[in-house]
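These notes concern the structure reproduced below.
The values are calculated or read from the model by the stated rules, or taken from the named source; none is laboratory data. Here the structure is a predicted model, which is why all the values come from computation and not from measurement. Virtual Cβ from ideal backbone geometry, glycine too; neighbours counted across all protein chains shown. These accessible areas exclude ligands, DNA and RNA; they are computed on the full protein's heavy atoms, side chains included. Shrake-Rupley method; radii C 1.70, N 1.55, O 1.52, S 1.80 Å.
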Amino acid sequence: MSQAVTASVADRTMGLAYAIAARHAIKPAFDKADALVDVGLSSLDLVNLMVAVEAEFDIMIPPASLTPKNFYSIETIARMVESVRGPSA
């Protein structure tokens with residue numbers, strides 16, 4: 001997995017997270033490494049983010065990958081997306 005691909009996935013995921021945060025008047029001033037629950041995203045927001053990520057990247061996240069560790073931050077989501085997409089994506 002290349003750094004450029006991961007950065008692109010992270011940037012697109014960050015846009016999705018900002019949109020969800022904006023719905024709740026949360027100031028979307030957070031970094032890719034910040035814990036999403038610490039910036040104010042609720043568990044329902046994280047579910048919405050998961051669905052948005054699946055749609056954005058045209059993937060189905062396997063149940064084994066639906067862990068708090070994989071949805072901790074934008075960076076962890078990007079790494080998980082890359083692993084689900086595989087090397088050919």
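When you check residue 54 against the structure, is it over 14 Å from residue 6 (Cα atoms) and acidic (Asp, Glu), yes or no? Here the answer is yes, as residue 54 does meet what is asked.
Residue check: residue 72 meets all listed conditions (1) modelled with pLDDT under 95; (2) within 9 Å of the chain's Cα centre (by Cα) but one, namely (1). Somewhere in the stretch 71-83, is a residue open to solvent by 80 Å² or more (accessible area, probe 1.4 Å) and either in contact with an Asp or Glu (Cβ under 7 Å, 6 or more places away or on another chain) or within 12 Å of residue 12 (Cα to Cα) (or both)? No, because not a single residue in the stretch 71-83 is open to solvent by 80 Å² or more (accessible area, probe 1.4 Å) and either in contact with an Asp or Glu (Cβ under 7 Å, 6 or more places away or on another chain) or within 12 Å of residue 12 (Cα to Cα) (or both).
Mind listing just one residue for me: the one in the stretch 41-64 that is open to solvent by 40 Å² or more (accessible area, probe 1.4 Å) and part of a loop (DSSP other than H, G, I, E, B) and, of those, farthest from residue 18 (Cα to Cα)? Looking at the filtered set, the residue picked out is 62.
Would you check if there is a residue in the stretch 10-25 being in a helix (DSSP H, G or I), among the basic types (Lys, Arg), at pLDDT 90 or above and under 13 Å from the mean Cα position of the chain (by Cα)? Within the stretch 10-25, one or more residues are in a helix (DSSP H, G or I), among the basic types (Lys, Arg), at pLDDT 90 or above and under 13 Å from the mean Cα position of the chain (by Cα).
I'm checking my understanding of the structure. Among residues of the stretch 14-40 that are open to solvent by 40 Å² or more (accessible area, probe 1.4 Å) and of a type in the set (A, V, I, L, M, F, W, C), which one is nearest to residue 79 (Cα to Cα)? That would be 33. Among the residues of the stretch 29-59, those that are touching a residue at least 24 places away in the same chain (Cβ under 8 Å) and closer than 22 Å to residue 86 by Cα comprise 32, 49, 52, 53, 56, 57, 59.
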